């Protein structure tokens, strides 16, 4: 069966895509006008117009009425919340960090954890519960489940001198991270651990991490809203049509 040659508008698209890939037209840069493309490629205006219209619909080009057509920059990618280390975060502000380890043990996993961490039935999972202090005030209750396969030495660590985050990162950085934030009213357990009243609004961050081999950790990080905040700052890729 004889393969059909590409349609004329597809040839125009190929010409433009190859030029963009080769750096002939950079992100945000202006490509030749319809008339210039017609002359260069010996194509009709209808053919060129269709190619530009389809590439614009695919998010590859940006057409500005009365100005021209530009290479669409890639959408910026930014991590809204990084896997930060709370001790480093506090030290960066010139404050003093202290950690109180409340629990560090192996637990028999329930059905939910067994499924989430892909454990064998009645398998064990490591658990730690730590309160982090900034200048003497409790700012985070960290409740963390850790896969024994990922961090077999977890229970032997002194987490008053080394944070779980730093220890786990030293084994292997996560390949995938999930962050979910909730605003909560603290239950009696959280009230006691963070020394807050029943009406103190708190921020709760659920963080799950995976390595290339599978699930690694599940952490619940609770902060008093009046003492701690979560956020990030980044510079998105600005875009404006280049003159000319």
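No value in this document is a laboratory result; all are computed from the given coordinates. Keep in mind that this is a model prediction, so the values were computed, not measured. Using ideal geometry, Cβ is built from the backbone for each residue, glycine included, and neighbour counts are taken over all protein chains shown.
Residue separation times 0.36 nm, minus the C-alpha to C-alpha distance between residue 15 and residue 95: what's the value?
In short, 23.0 nm is gained.
Report, to the nearest 10°, how far helix 45-57 tilts away from the longest principal axis of the Cα atoms in the chain, using its own Cα long axis and a range of 0 to 90°.
Approximately 0 degrees, to the nearest 10.
Could you list the square roots of 5 times each eigenvalue of the Cα gyration tensor of the stretch 110-167, that is, the equivalent ellipsoid semi-axes, sorted largest first and rounded to whole Å?
They are 26, 13, 7 Å, listed from largest to smallest.
Taking N as the number of residues in the stretch 86-224, what is its Cα Rg relative to 2.2 N^0.38 Å?
In units of the globular-protein estimate, the stretch 86-224 measures up at 1.06.
Between 0 and 90 degrees, rounded to the nearest ten: what's the tilt of helix 8-21 against the longest Cα principal axis of the chain?
In the chain, helix 8-21 runs at an angle near 50 degrees to the longest axis.
What distance in nm separates the simple spin-label points at residue 36 and residue 182, each placed 7 Å from Cα in the Cβ direction?
5.6
Do me a favour and compute the ellipsoid semi-axes for the chain from its Cα gyration tensor, root of five times each eigenvalue, largest one first, whole Å. Mind showing how you got there, number by number?
On the way: eigenvalues 586, 110, 47 Å².
Calculated on Cα positions only, the semi-axes equal 54, 23, 15 Å.
Provide 91, 147 in ascending order of the number of other Cβ atoms located within 10 Å of each residue's Cβ, fewest first. Could the numbers behind the result be given before it?
Values: 91 13, 147 25.
Listing 91, 147 from fewest to most nearby Cβ atoms yields 91, 147.
What is the gain in length, in nm to one decimal, between residue 45 and residue 60 on full extension, counting 0.36 nm per residue of separation less the C-alpha to C-alpha distance? Don't jump to the answer; show the numbers that get you there.
Values: separation 15, 0.36 × 15 = 5.40 nm, distance 1.97 nm.
Separation in residues times 0.36 nm, less the Cα-Cα distance, equals 3.4 nm.
Quickly estimate the mean residue ellipticity at 222 nm for the chain, helices only: each DSSP H run with n ≥ 4 gives -39500 (n - 2.57), and the total goes over all residues, rounded to 500. Provide the component values of the computation, followed by the final result.
On the way: 7 runs with 64 residues, N = 244.
Calculated from helices alone, the mean residue ellipticity at 222 nm is -7500 deg cm²/dmol.
Taking the Cα-to-Cβ direction at residue 158 and at residue 107 and moving 7 Å from each Cα, how far apart do the two end points lie in nm?
It is 2.6 nm.
I need the semi-axes of the equivalent ellipsoid of the stretch 8-71: take the C-alpha gyration tensor, multiply each eigenvalue by 5, square-root it, list largest first in whole angstrom. It would help to have the intermediate numbers written out before the result.
Numbers: eigenvalues 50, 35, 26 Å².
Gyration-tensor ellipsoid for the stretch 8-71: 16, 13, 11 Å.
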